[in-house]
1. Of the numbered conditions (1) under 15 Å from Ala7 (Cα atoms); (2) loosely packed, with under 12 Cβ neighbours inside 10 Å, Trp120 satisfies every one except a single condition; which is it?
2. Looking at the stretch 36-86, which of its residues are part of a loop (DSSP other than H, G, I, E, B) and in contact (Cβ under 8 Å) with a residue 24 or more places away in the chain?
3. Checking the conditions here, which among Ile30, Ile78, Ile41 is under 18 Å from His8 (Cα atoms) and either open to solvent by less than 60 Å² (accessible area, probe 1.4 Å) or under 17 Å from the mean Cα position of the chain (by Cα) (or both)?
4. Find all pairs meeting these conditions: Cβ atoms under 7 angstrom apart; at least six residues apart or on different chains; first residue within the stretch 98-126 and at positive phi; second residue assigned to a loop (DSSP other than H, G, I, E, B) and loosely packed, with under 15 Cβ neighbours inside 10 Å.
5. Residues that are modelled with pLDDT under 80 and within 19 Å of the chain's Cα centre (by Cα): does the stretch 98-107 have at least one?
Amino acid sequence: MVADQVAHLAHLNARDTTLAFVSRAPQADIERLKDRMGWGIPWYTLTDDFDADFGVGEWHGTNAFLRDGDEIFRTNFINNRGDEAMGSTWSYLDATPLGRQEEWEDSPEGYPQTPPYKWWNWHDNYEAEATHDPKWVDIITDPQGAALRRRDSEAKA
């Protein structure tokens, strides 16, 4: 159920964030289910005590890690009912140490930060040269003006 509600991974990847699942199931079973459900989530099979080492136990949990060069740090752990609520781009980003990487957040020097909403895009339009849909740009740069123009055009119709 957790995997079945995950938002498109392109939105996480746009913020240099990766989501991967880990379980004890054999890869053949995982691939069969991924194919059936159309999931593109990277999914690994455990062969050691990684889950127990990170507090997951026999059920489920979400760990957040930060890679700094060759070092990896565990920064957050969410389980039980909190873990069940995961799935949106926002819930995953907010569980990471860099968050949404927007200007209002306190990020370390050198990490990207953008104005809120400016980085949003369609999941198939995050390429290096991609442009935002003009409707989104209008709403992002002038939300009140966009709402008034929309109201005025609807009134004329």
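1. (2)
2. Trp39, Gly40, Ile41, Pro42, Leu46, Gly55, His60, Met86
3. Every option except Ile41 fails the conditions.
4. So the pair list comes out as Gly99/Glu105; Gln101/Tyr111; Gln101/Pro112.
5. Within the stretch 98-107 (the criterion being modelled with pLDDT under 80 and within 19 Å of the chain's Cα centre (by Cα)), the answer is no, since none of the residues qualifies.
The values are calculated or read from the model by the stated rules, or taken from the named source; none is laboratory data. Predicted, not measured: the structure shown is a model, and the values here were computed from it. Note: ideal-geometry Cβ built from the backbone for every residue, glycine included; neighbour counts use all protein chains shown. Quick note on the areas: whole protein, heavy atoms, side chains included, nothing else; ligands and nucleic acids left out. Shrake-Rupley method; radii C 1.70, N 1.55, O 1.52, S 1.80 Å.
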